[in-house]
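Only one structure is covered here, and it is reproduced in the block below.
The values are calculated or read from the model by the stated rules, or taken from the named source; none is laboratory data. Treat the numbers as computed from the prediction; the structure is a model and nothing was measured. Positions of Cβ are backbone-derived with ideal geometry, glycine not excepted, and every protein chain shown enters the neighbour counts. Heads up: the accessible areas ignore ligands, DNA and RNA and are worked out on the full protein's heavy atoms, side chains in. Shrake-Rupley method; radii C 1.70, N 1.55, O 1.52, S 1.80 Å.
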Amino acid sequence: MKSYIAGLMALCLAGPANAHTFLPEGGFYDRFIEGTLVVIAYPATLLPLVAFGILASLWQSEGLLRVWPTLILGQLAGIGVAAISGPWIVAILMAAGVLVAVLAALLPKYSGRDVQIAAAVIGVLVVAASLEGHGLFELPLAIHIGILFAANMVVAVAAGVPRAVLEWKDSRLVRIIWRTAASWIAAILILYFAFTVAA
């Protein structure tokens, strides 16, 4: 019973982390999983990727395939950006995520260049925020691979599900449903940003 009380007190007293911390030990698999969890378990990194996936899928049925190289190049650049970034990078990522989600919700006719820019920006910021506080390749390679794998997997799923639904039934109502989902992502990110700043 005392251990539960101590645990609850520790949770109540804990402050916000300024950077992701990683375990000092573990094999390749453990560190790979750590990297994936930084992306998947953290709303500030997960939701912008989901928003971008929806944007790419609503833009064109093969939209993700067209912009994926740009997304990957952005992610690789994000490794370098992380070395010079601070806690502010997370706020910039959330703001970019809101913008991408709003673009997906509004979805007028965007040019390929607009979506390519969104891919590059989200790619850079997600990886930079995931590695924030750590120098260039200071962490094991397995963590970097895990982060890159998770970021691409999230985008692939977020783009693949709408695409599959639209291939089954491409109607105005179905598109409105996905655009509404994007607007909810924007709203959640705004709330999350407000709580983060207030903490």
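The table for this structure:
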| quantity | calculated |
| --- | --- |
| Karplus (6.51, -1.76, 1.60) ³J(HN,Hα), θ = phi - 60°, over the stretch 128-137, in Hz, Gly and Pro reported as x | 4, 5, 5, 9, 3, x, 10, x, 4, 6 |
| Fraction of the pair-distance distribution of the chain above 32 Å, Cα-Cα pairs, percent | 19 percent |
| Given 14 as the ceiling on other Cβ atoms within 10 Å, longest exposed-site-free region of the chain for GluC sites (Glu not before Pro) in DSSP loops | 63-137 |
| Net length gained if the chain between I72 and I33 were fully extended (0.36 nm per residue, minus Cα distance) | 12.1 nm |
| Amide hydrogen neighbours beyond the local backbone of G133, cut-off 5 Å, H modeled | S85 |
| Protein accessible area in the stretch 59-100, 1.4 Å probe - carbon and sulfur % | 77 percent |
| Å² per residue, accessible surface of the chain at 1.4 Å | 54 Å² |
| Longest site-free stretch - the chain; sites: trypsin sites (Lys or Arg not before Pro), DSSP loop, at most 10 other Cβ within 10 Å | 1-108 |
